[in-house]
Amino acid sequence: MSLDLATSLSDLAADASAGLKEQFGCDASVVAAAPGRVNLIGEHIDYCDGFVMPFAIDRYIVMAAALNGTGQARVATALGGEPAILELNVPQQVGTPKWANYLRGVFQGFQDRGHHLPGFDAFIISSVPGGAGLSSSAALECCMATLLEGLVDTVLDTKEKALLCQKAEHDFASVPCGIMDQFASAFGKPNRLVLIDCMTGEPEMVPFENPDLTVLIANTMVHHELSDGGYAARRKNTEEGLAAIGKKSWRDATAADVESRWTSMGDPVNRRSRHVVGEIARTIAAAEALAKNDFEALGPLMAASHDSLRDDFEVSCKELDLMVEIARAIGRSGGVIGARMTGGGFGGSTVTLCESRKAEAIAATMAEKYKEATGITPQIFASRPSLGAHLM
Ligand code: GLA
């Protein structure tokens, strides 16, 4: 068995409640869950008015909580260590422990909306692999926001909640991310992809329920630092590219716009720009191909996306390239439809779309060949589109 199985949400909730009881001696009154995400295609274009096509995976962060009658949040995690003690209803500031900054950012978002936050104790448990490009940070933010909805008895509009969480990431983790991760975690639905038009900020729920199709996620288990600076640098490159083209939005830019300014833009802005224009076109084409079950078209689009991220956008790494190469070598005859890196890159995971009846064998080959070449045992699992952030 090479496929890593997901812990059920009810087991995670029971474990989180047991953790709360053990750590703080109280019974949970509110339990919230929020998933990570995988992106099928449309990478590094959510901050370029592009289209992206992620879905919420069945790996969750779950928080169990109870009011504690103080002005503080006391938050413990299954990873151990001292609980974080966080002052509520004061201007939030970046601090330690570092992971709590995501929570501070969400507290600030609620405080900005005029909410008075009641003191609470919480216990956090996660089945979203961390540092794997599967948006564990967005899951943490969306889970905290959902827990607060339960604690203050309010319901935020889903889009507003996702944007509040994105702002938390910008202001408290200094990552100038786009909207994909928080939208996927907040809007996710079983059997639906979250196709997001990042220009209008509107998600469209696209059916993805063919049982013959399986999405394999392969965590390379490597995470290269540089990621944060690398992400911001890429985003800046795309802003320079758009300014050179002189249009208001990447949606109005064409491949010809980039070609005709190739020399004046210079390297790497020209290559970054070629990625953006190409990836927007590929994502639109992929959505059309999926709607028609046209897998012969989908595979090459995923391949072109990976190559562009590797060569033009330079956010891949040798481990991601290797994992994708292994899947590609298995090929259509072995049941692989397409493979590419997923998420921000610089390590993390790949996504492989394949035939369900061959998924086990494909995962086994990927794990074996990757281990042979790197000495690292990857974590490979199948995931279907799942329910987004919710109170349990
Ligand atoms: C990270 C960011 C997203 C998106 C991806 C790349 O996950 O948080 O907003 O830009 O990288 O597609």
What do you get for the angle between helix 359-374 and the principal long axis of the chain? Use alpha-carbon atoms, 0 to 90 degrees, nearest ten. 90
Theoretical ellipticity at 222 nm over the chain - DSSP helices of four or more residues, -39500 (n - 2.57) apiece, nearest 500: -14000 deg cm²/dmol
Once the dipole of the chain is set up from charges on Cβ (+1 Lys and Arg, -1 Asp and Glu), the residue from the list GLY338, ALA186, HIS390 lying farthest towards its positive end is GLY338
Quick one: pull the percent of accessible area on region 1-81 belonging to carbon and sulfur, 1.4 Å probe, ligands and nucleic acids left out. 50
Taking only protein heavy atoms and a 1.4 Å probe, what accessible area per residue, in Å², does region 98-147 have with all protein chains in place? 26
Residues other than VAL336 with Cβ under 11 Å of its Cβ, Lys/Arg counted +1 and Asp/Glu -1, net out at +2
Using the Cα centre as the reference, give the magnitude of the dipole from point charges on the C-beta atoms of the chain (Lys, Arg: +1; Asp, Glu: -1; all else neutral), rounded to the nearest 20 debye. 260
D (Stokes-Einstein, µm²/s), Kirkwood Cα radius, the chain, 1.002 mPa s at 20 °C: 101
Positive-end residue, the chain charge dipole about Cα centroid, Cβ charges, pick of ILE217, VAL90, ALA16: ILE217
Could the peptides 56-63, 216-223, 260-267, 193-200 be put in order, highest first, of the mean number of other beta-carbon atoms found within 10 Å of their residues? 56-63, 216-223, 193-200, 260-267
Expressed as a whole percentage, what fraction of the accessible surface of region 171-222 belongs to carbon and sulfur atoms when a 1.4 Å probe is rolled over the protein heavy atoms? 53
Per-residue accessible area for GLU160 at 1.4 Å probe radius, Å² rounded to 10? 70
Tell me which lysines have Cα within less than 25 Å of LYS292's Cα, excluding those fewer than 8 residues away on the same chain? LYS189, LYS358
Angle between the chain longest axis and helix 158-173 axis [Cα atoms, degrees, rounded to 10]: 90
Determine the alpha carbon to alpha carbon distance for each of LYS98/LYS167; LYS161/LYS247; LYS161/LYS248 and list only those over 21 Å. LYS161/LYS247; LYS161/LYS248
Rg over Rh of region 80-179, using C-alpha atoms and the Kirkwood radius, what does it come to? 0.92
Quick check: with the 1.4 Å probe, what order do ASP27, ASP153 take by accessible area, largest first? ASP153, ASP27
Rounded to whole Å, give me the distance from the Cα center of region 1-65 to that of region 301-344. 26
Test item: Cα-centred dipole of region 266-334, Lys/Arg +1 and Asp/Glu -1 on Cβ, debye: 80
Under Stokes-Einstein, with the Kirkwood radius over Cα pairs standing in for Rh, what whole-number D in µm²/s applies to region 7-60 at 37 °C and 0.692 mPa s? 241
Within region 246-392, what whole-number % of the accessible surface is contributed by carbon and sulfur, with the 1.4 Å probe and all protein chains included in the calculation? 54
Surface accessible to a 1.4 Å probe, per residue, for the residues of region 184-268, Å²: 50
Probe 1.4 Å, all protein chains present, accessible-area order of GLU368, GLU355, largest first: GLU368, GLU355
The chain: angle of helix 318-330 to the longest principal axis, Cα-based, in degrees nearest 10: 60
Would you be so kind as to identify which of GLY201, THR263, GLN72 lies farthest towards the positive end of the dipole of the chain, taking Lys and Arg as +1 and Asp and Glu as -1 on Cβ and the Cα centre as origin? THR263
At a probe size of 1.4 Å, how large is the accessible area of GLU87, to the nearest 10 Å²? 90
One finds, for GLU160 and ILE85 with R0 = 30 angstrom and r their Cβ-Cβ distance, a FRET efficiency to the nearest 0.05 of 0.60
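The values are calculated or read from the model by the stated rules, or taken from the named source; none is laboratory data. Quick caveat, the model's predicted, so the values are computed rather than measured. Counting neighbours? That spans all protein chains shown, and the Cβs are built from the backbone with ideal geometry, glycine included. Calculation scope for accessible area: heavy atoms of the full protein, side chains included, ligands and nucleic acids excluded. Shrake-Rupley method; radii C 1.70, N 1.55, O 1.52, S 1.80 Å.
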